[in-house]
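The values are calculated or read from the model by the stated rules, or taken from the named source; none is laboratory data. Because the structure is predicted, anything quoted here is derived from the model rather than measured. Glycine also receives a Cβ, built like all others from the backbone with ideal geometry; neighbour counts cover every protein chain displayed.
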Amino acid sequence: MNAPSEISRPKVLIETSHDLPLVSISVGSKSGSIFDPEGLEGLTRLSGRLMRRTAAGRDPQDIDAQIDALGASLSVDVSPSAAALQGTVIRRSLEPFVSLVADVFARPGLAEDELGRLRRETEADLVEALDDDRGLARRWFRKKMFDGHPYGRPVSGVSESLKRITQSDVAACARRLGERDGLFIAFSGDIEGAEAEELAARIVAELPASTKIEDTTPEPVMRPGRRLVIVDKPERSQTQILIGGLGTHAADADHTALLVGNTIFGGTFTARMTQEVRSKRGWSYGAYSSLPIDRRRQAFSMWTFPKAEDAAPCIALQIEMLSALRAKGVTKKELSWAKRYLTRSHAFTVDTPSKRVGLTLDAALYDLPDGYYDDYLNRIAKTTLDDVNRALSARLPEQDLLFVVVGTAADIRSNLEAAIPNLEETEVVRFDQEV
């Protein structure tokens, strides 16, 4: 075994605060679910959870008991582009907790019986998720928005893909997740830099070196035209609606301006969409738009959840609002409000050590531009009205839009089709078609 001083140092991120006797640790990799082989969707998430549950070849019950005794928590989170083991522990239990974290990566047992148990639990979770209409809308929106692209494949997999995953698949994935040179280790809380560096070296001491993980995923391409997908679910008196197209990338020159514009349009409870959809018409309790970011371009989307009889007029209104936003932009008064709101609310994204180091970790895992978070307030302050209105006109989609509606197709289809001008295609899928 190589001594910590003889191996390459891991990438360590540190945010110190002695306010509480707690230390948080995140071990992140750029190796997310987009690396799952086609047909084995859910592999990375399943493997990460199995590694956590079989560290050092132990039983999950023993590991959970140790975590409780240490006054700690430990979980696995997987997204399309990243995977992370995240935990928090009382300061006095830090040493044994770090040993457990090291065991997760260096000595996962990956027992066959536990793999089977975890597979069954995941399948049960997928069935249970069918009761979540909002989750269904999001799942089908992503699937159809990124059709044929790795971003469109479910992080949790589907029943058929989970059944195909073997222990050898999991072992290979565990090796990928545990490649030393691909890991970022973030510490926050009651810990100083030198100690954090030493503990990070201990975590990776027995891990194999590797070449840098390269994300060769292509940029998504939006299918042209307006498409309607109805996720048909019986006896639904309410709908869930997502409308959108390709959005922003953090490297775009107008990225910040577009975020400011989206804040005005649908980014808060007092934004335009909420005022028009909820306050004036009472169609949906909430109405929001979002612009998430990743290593590749993500989707712009608008979300509402009106009653079935209000779904068609709600969609028609959103189309009109989007068109007006692109054509007329926002006002100077709206811009001033949005900049104040974003500046003040930013304090809540950096008010704890774990949040601050979490942003730094995200910037590393998602290849964000240098200073993306550090320079955030400065970029907001410099954004002008012309910047915002040019970005809204140039970036927001209007003709190339995907409409995903969860509802009872027989009750809503004809009205939805009539509400969408220039609709090119309608597809109806069963809500339980892909479990």
Query raised in the report: Residue check: is ALA83 in contact (Cβ under 8 Å) with a residue 60 or more places away in the chain, in contact with a strand residue (DSSP E or B) (Cβ under 9 Å, 6 or more places away or on another chain) and among the aliphatic types (A, V, I, L, M)?
Result: yes
Report task. Name the residue, out of LEU365, LEU359, that is touching a Lys or Arg at 6+ places or on another chain (Cβ under 9 Å), under 23 Å from ALA186 (Cα atoms) and surrounded by 16 or more Cβ atoms within 10 Å (Cβ to Cβ). Result -> LEU365
Query raised in the report: Does VAL127 meet the test of being in contact (Cβ under 8 Å) with a residue 24 or more places away in the chain, within 30 Å of LYS307 (Cα to Cα), of a type in the set (Val, Ile, Thr) and not assigned by TED's automatic domain parsing to the domain that holds TYR366?
Result: yes
Query raised in the report: Hey, does region 124-139 have a residue that's over 25 Å from the mean Cα position of the chain (by Cα) and part of a helix (DSSP H, G or I)?
Result: no
**Report entry** Pair list, Cβ under 9 Å, 6 or more apart: region 365-388 residue in contact (Cβ under 8 Å) with a residue 40 or more places away in the chain, other residue part of a loop (DSSP other than H, G, I, E, B) and polar (S, T, N, Q)
**Finding:** LEU365/SER79; LEU365/SER81; TYR366/SER81; ASP367/SER81; LEU385/THR331
Query raised in the report: Which one is nearest to ASP367 (Cα to Cα) among residues in region 171-205 that are acidic (Asp, Glu) and in a helix (DSSP H, G or I)?
Result: ASP181
Report summary line: Scanning region 282-318 for residues that are polar (S, T, N, Q) and either at pLDDT below 95 or not in a helix (DSSP H, G or I) (or both) gives SER284, SER289, SER290, GLN298, SER301, THR304
Requested in this report: Restricting attention to region 88-99, report how many residues are buried (at least 22 other Cβ atoms within 10 Å of the Cβ) and touching a helix residue (DSSP H, G or I) at 6+ places or on another chain (Cβ under 7 Å).
Outcome: 1
Query raised in the report: Just for region 249-271: of the residues that are part of a helix (DSSP H, G or I) and small (Gly, Ala, Ser), which one is nearest to the chain's Cα centre (by Cα)?
Result: GLY266
Report task. Taking the residues in region 249-305 that are under 20 Å from ALA137 (Cβ atoms) and out of contact with any helix residue (DSSP H, G or I) (no Cβ under 9 Å at 6 or more places or on another chain) as candidates, determine which candidate is surrounded by the most Cβ atoms within 10 Å (Cβ to Cβ). Result -> ARG278
Report task. Taking SER161 as the residue in question, decide whether it is part of a helix (DSSP H, G or I), touching a residue at least 12 places away in the same chain (Cβ under 8 Å) and not hydrophobic (A, V, I, L, M, F, W, C). Result -> yes
Query raised in the report: Which residues, counting only those in region 34-68, are touching a strand residue (DSSP E or B) at 6+ places or on another chain (Cβ under 6 Å) and among the hydroxyl-bearing types (Ser, Thr, Tyr)?
Result: THR44, THR54
Report summary line: Within region 97-133, the residues that are touching a strand residue (DSSP E or B) at 6+ places or on another chain (Cβ under 8 Å) and under 28 Å from ASP181 (Cβ atoms) are PHE97, VAL98, LEU100, VAL101, ASP103, VAL104, PHE105, ARG107, PRO108, GLY109
Query - Total residues in region 382-428, condition under 27 Å from the mean Cα position of the chain (by Cα) and surrounded by fewer than 18 Cβ atoms within 10 Å (Cβ to Cβ) - result: 7
Query raised in the report: If we scan region 233-248, do we find a residue that is touching a residue at least 24 places away in the same chain (Cβ under 8 Å) and more than 30 Å from ILE412 (Cα to Cα)?
Result: yes
Report task. Considering only region 319-355, state which residues are within 27 Å of VAL404 (Cβ to Cβ) and either hydrophobic (A, V, I, L, M, F, W, C) or modelled with pLDDT under 95 (or both). Result -> ILE319, MET321, LEU322, ALA324, LEU325, ALA327, VAL330
Query raised in the report: What is the number of the single condition among (1) touching a residue at least 12 places away in the same chain (Cβ under 8 Å); (2) of a type in the set (Asp, Glu); (3) more than 30 Å from GLU427 (Cα to Cα); (4) part of a loop (DSSP other than H, G, I, E, B) that GLU214 does not meet?
Result: (1)
